[in-house]
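The values are calculated or read from the model by the stated rules, or taken from the named source; none is laboratory data. Because the structure is predicted, anything quoted here is derived from the model rather than measured. Neighbour counts run over all protein chains shown; Cβ positions are idealised from the backbone, glycine included. Surface accessibility is based on the protein's heavy atoms, side chains included, excluding ligands, DNA and RNA. Shrake-Rupley method; radii C 1.70, N 1.55, O 1.52, S 1.80 Å.
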Amino acid sequence: MKIPFVSFKAMEQELNADIRNAFERVFENSWYIGGKEDEAFEKAFADYCNVKYCVGTGNGLDALVLLLKAFGIGEGDEVIVPSNTFIATALAVTYVGATPVFVEPFLETFNINPEKIVKKITSKTKAIIPVHLYGQPCDMDTIMDIAKSHKLYVIEDCAQAHGATYKGKVVGSFGDAAGFSFYPGKNLGALGDAGAIVTNNEEIANKVRALGNYGSDYKYHHIYKGNNSRLDELQAAFLLAKLPHMNRMNEERRRIADRYLSEIKNPNVILPTIIDDVVPVWHIFGVRCGERDRLEKYLNEHGIGTNKHYPIPMHLQECYRDLGIEKGEFPIAEEISNTELSLPMYYGMSDDEIGYVVEILNCY
């Protein structure tokens, strides 16, 4: 049996008519930037996240960059980020001239450890960016308490967690603002690059919108030295077509994850831990194994697609050599990078396919 790491086929077949209708609607209107589709999606996604404002951006990285700029974070400032995540989180901090300060995660959940955040706060710290990694929410109550006591902004990185909840509240609605990516592989994915910020702060929403539109609050009037980062009408229309189906598709991901969690019994495979009061959306189902590369080869030989998130931790990436961080300084991030293996997880996996992954894993 051949099982890819990810497949969009089932989703594309189900939503074929909706997606084509979205394209036709935009094409017939002949309006491609800043129109009705963008406005409708921003309202729908803000409502979904239970916040007042949503502003579309060109991609998820831009969403974080624009938020950091909107909060006035820049040269000389420090921003706390997890030591294990996709590099975009750290790059956003770098792009505004600030310094990313890495904090280790819990090995069991992969998410940032709030107890370690406090030890990294200095007089230069301006914000915390918790990443709801792999689709599991962070311990937001503790993070928000720390931020409040130290007067820090909280910018949630929700790029992998569309629809995940913590204590019944959807991610993106806890901090001062949040950034989302709609890269095609996300739980809510466009058919190209796209992103958005959400917030309850009208001033921040307006500033992000201006910053992403060449710093302009109205045509040819530029109040900031801005960027060009806007959600185009076509991607907004596609996202608007997909949004009503996201909860149902997330439920299917949870069903797959529940089978993995209950049926994988191999003692060599360490399953992820779910903390109390969270409902993950399983953008990625990551396990750990001391013989990760050997396990990956074994699964691939049996037709099972895999991935690694992420094989080189950020502090050891060539682009961050300037931070002067040596190997061994972030042992948990390095342990995850050396042992994490992502299993197939996508809408449309059949029971037989799930069972085959479990069977082959248990035979390793």
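Solvent-accessible area per residue for segment 210-315 at a 1.4 Å probe radius, Å²?
48
Of the residues V208, V103, V278, which exhibits the maximal mean-square fluctuation in a Gaussian network model of the chain defined by a 10 Å Cα contact cut-off?
In this elastic network of the chain, the residue with the biggest mean-square fluctuation among V208, V103, V278 is V278.
I need the peptides 322-331, 182-191, 227-236 ranked by packing, meaning the mean over residues of other C-beta atoms within 10 angstrom, with the highest value on top.
Descending mean neighbour count gives 227-236, 182-191, 322-331.
Mind putting together the pair-distance distribution for segment 94-139? All Cα pairs, 5 Å bins, whole percent per bin, short to long.
Going from the shortest bin to the longest, the percentages are 5, 20, 29, 20, 17, 8, 1.
Quick one: compute a quarter of the convex hull surface over the Cα atoms of segment 61-103 and quote it in nm².
2.5
Report the calculated FRET efficiency for M1 and T165 (r = Cβ-Cβ distance, R0 = 41 Å), to the nearest 0.05.
Efficiency at R0 = 41 Å is approximately 0.75.
Spelling out what I want: for every residue of segment 45-61, take phi, set θ = phi - 60°, compute 6.51 cos²θ - 1.76 cosθ + 1.60 (Karplus), and round to whole Hz; glycine and proline get x.
6, 4, 4, 4, 7, 6, 10, 7, 9, 9, 10, x, 9, x, 6, x, 4
Return the carbon/sulfur percentage of the accessible area of the chain, one whole number, probe 1.4 Å, all protein chains in place.
Exposed carbon and sulfur together represent 50 percent of the surface.
Distance from the Cα centre of segment 41-101 to that of segment 180-239, in angstrom?
Measuring centre to centre over Cα atoms gives 11 Å.
So, with +1 on the Cβ of K and R and -1 on the Cβ of D and E, and no other charges, what is the size of the charge dipole of the chain about its Cα centre, to the nearest 20 debye?
For the chain, the charge dipole is close to 420 debye.
Please build a GNM for the chain, connecting alpha carbons under 10 Å apart, and tell me which residue among E12, E108, E78 fluctuates the most.
Of the options given, E12 has the highest mean-square fluctuation.
Just the Cα atoms of segment 266-335: what Rg and Dmax do they give in Å?
According to the Cα coordinates of segment 266-335, Rg and Dmax are 15.2, 42 Å.
log10 I(q)/I(0), Debye, Cα-only segment 231-278, no solvent, q = 0.17 Å⁻¹?
Per q value, in the given order, log10 I(q)/I(0) is -0.69.
Would you calculate the volume per residue, in Å³, of the smallest convex hull containing every Cα atom of segment 56-134?
Expressed per residue, the convex hull around the Cα atoms of segment 56-134 is 82 Å³.
Put +1 on the Cβ of each Lys and Arg and -1 on the Cβ of each Asp and Glu in the chain; which of F23, N300, N227 then has its Cα farthest toward the positive end of the dipole?
N227
How long are the three semi-axes of the equivalent ellipsoid of segment 232-359, in whole Å, if each is the root of 5 times an eigenvalue of the C-alpha gyration tensor, listed from largest down?
28, 23, 15
Please state the equivalent ellipsoid semi-axes for the chain: what are the square roots of 5 times the Cα gyration tensor eigenvalues, largest first, in whole Å?
With the √(5λ) rule applied to the chain, the semi-axes are 32, 28, 17 Å.
Using all Cα-Cα distances in segment 1-113, what percent lands in each 10 angstrom bin from 0 up to the longest?
Reading upward from the zero bin: 11, 24, 31, 24, 10, 0.
Taking every alpha carbon pair in segment 157-217, what does the distance histogram look like in 5 angstrom bins from 0, in percent?
Cα pair-distance distribution for segment 157-217, in percent: 4, 18, 23, 21, 20, 11, 3, 1.
What accessible area per residue, rounded to a whole number of Å², is obtained for segment 17-124 using a probe radius of 1.4 Å?
On a per-residue basis, segment 17-124 sits at 45 Å².
Report the full-extension gain for the segment R259 to N21: residue separation times 0.36 nm, less the Cα-Cα distance, to one decimal in nm.
Contour length minus Cα-Cα distance gives 82.1 nm.
Of the residues A17, A177, A196, which exhibits the maximal mean-square fluctuation in a Gaussian network model of the chain defined by a 10 Å Cα contact cut-off?
A17
Rounded to the nearest 10 Å², what accessible area does E251 show when all protein chains are kept and the probe is 1.4 Å?
Result for E251: roughly 100 Å² accessible.
How big is segment 128-173 on each of its three principal axes, counting only the C-alpha atoms and giving the largest first in Å?
28, 19, 14
Against the globular-protein guess of 2.2 N^0.38 Å, express the Cα radius of gyration of segment 92-200 as a ratio, rounded to two decimals.
Compactness ratio reported: 1.06.
Under the 0.36 nm per residue contour assumption, what length would be gained going from the current alpha-carbon distance of R248 and E14 to full extension?
Roughly 83.0 nm would be gained on extension.
Which loop-located chymotrypsin sites (Phe, Trp or Tyr not before Pro) does segment 200-233 contain, where loop means any DSSP state but H, G, I, E or B and the Cβ has at most 11 other Cβ atoms within 10 Å?
When the chymotrypsin sites (Phe, Trp or Tyr not before Pro) of segment 200-233 are filtered for loop state and at most 11 Cβ neighbours within 10 Å, Y220 remain.
Full-extension gain between K148 and N29, please, as 0.36 nm times their residue separation minus the C-alpha to C-alpha distance.
Working it through step by step, the gained length comes to 38.2 nm.
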